[in-house]
Amino acid sequence: MISFGICEQGAVRKENQDAILMCREGGSGLFIVADGVGGSQDGGAASRLITGSFQHWWDEVLLPNRQLSFPEVFAQAKARAERLNEELYRHHGSGQCCSTIALLLIHRRIYGFLSAGDSRIYHCGARGLRLLTRDDTWENRPDGNRHPGFSGRILSAVGGYRALEYSCATARLGFRDCFFLCSDGFYRFADKDLMEQQLCAVRQKLFPDPTPLRLLAEGVVEKQTDDNYSAILVKV
């Protein structure tokens, strides 16, 4: 398993409220992009709490117990995300200190993802590139209420509400699967055709290098992003 990551402040923001986590050992891996919600009091603290807590879980729980089944490990990851939500909500209140989360867990030839907010996870397999996650934003409300004045407003985040609402799913790994996790500050400015081209090329390489991620990031910078931007590329 190979991974590369980037987490940058960007040209405009005074603080980087994004945080990323990349952990891998043998056939297991844990990858997170957390994007502190800009309207909250301290989104950067929330994103760092998320990645720090999961780093501890990886070191102290998963690695010493790698014999656990995937369902057992994934249940623990979901429970930890829910506890982090409770902690942030209890200490800071609704929306005061919160962050998106895009989490990818790989273990025993199975992968699972957990997502709350508008950070994304893409999968590149035998059928090409597809988006695994769904943006939890106002325009994607299931009731169809899409008032244009609220476009882009996040409806779910860790610490945002009393109960954490998230999407998750699991599947078996395919041959040479690739994954791409990124914050909205990255995908809003990234060239989608170039993304698919580069990720499909990575999938064909036995030992890829960071060049595809660098090329995509250069495209983001050229469009003068007004946001922090983060991404993780994973090749299994």
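Computed from the coordinates by the stated procedures, all read-outs in this text should not be read as laboratory data. Being a predicted model, the structure only gives us computed values, none of them experimental. Note that we place each Cβ from the backbone using ideal geometry, even for glycine, and neighbour counts take in every protein chain shown.
So how far, in whole Å, is the C-alpha centre of the range 190-218 from the one of the range 21-64? Taking the Cα centre of each part, the range 190-218 and the range 21-64 sit 24 Å apart. The Rg/Rh ratio for the range 20-111 is 1.01, where Rg is the radius of gyration of the alpha carbons and Rh is the Kirkwood radius.
Please identify every one of the chymotrypsin sites (Phe, Trp or Tyr not before Pro) in the range 57-149 that sits in a loop by DSSP and has no more than 11 other beta carbons within 10 Å of its own beta carbon.
The qualifying sites: there are none.
Within the straight-line cut-off of under 28 Å between alpha carbons, the lysines reachable from K235 are K78, K192, K205, K223, sequence neighbours fewer than 8 places apart in one chain being disregarded. Phi-derived couplings, Karplus 6.51 cos²θ - 1.76 cosθ + 1.60 at θ = phi - 60°, listed residue by residue for the range 186-199: 8, 6, 5, 10, 7, 6, 5, 5, 5, 4, 5, 4, 5, 5 Hz, with x used for Gly and Pro. The C-alpha radius of gyration of the chain, expressed as a fraction of 2.2 N^0.38 Å, stands at 0.96. Among the cysteines of the chain, those whose beta-carbon sits 4.7 Å or more from every other cysteine beta-carbon are C7, C23, C97, C98, C168, C182, C200.
Whole-Hz Karplus values for the range 103-110 come out as 10, 10, 10, 10, 6, 6, 6, 10 Hz, taken residue by residue from phi with 6.51 cos²θ - 1.76 cosθ + 1.60 and θ = phi - 60°; glycine and proline positions read x. Per-peptide packing, taken as the mean over residues of other Cβ atoms within 10 Å, places 205-212, 21-28 in the sequence 21-28, 205-212 from highest down. Here the residues K192, K78, K14, K235, ranked from fewest to most Cβ neighbours within 10 Å of their Cβ, fall in the order K14, K192, K78, K235. Where only DSSP H runs of four or more residues are counted, the chain gives -9000 deg cm²/dmol as its mean residue ellipticity at 222 nm, each run worth -39500 (n - 2.57).
Cβ crowding within 10 Å ranks D184, D226 as D226, D184, fewest other Cβ atoms first. Ranked for footprinting exposure by Cβ neighbours inside 10 Å, fewest first, S115, S230 give S115, S230. For D177, the residues whose modelled amide H falls within less than 5 Å of its own, excluding neighbours fewer than 5 places apart on the same chain, are V236. Shape analysis of the range 60-136 yields a ratio of the Cα radius of gyration to the Kirkwood radius, Rg/Rh, of 1.03.
Ranking H123, Y89, A102 by how far each Cα lies toward the positive end of the dipole of the range 86-138 (charges on Cβ) leaves H123 at the top.
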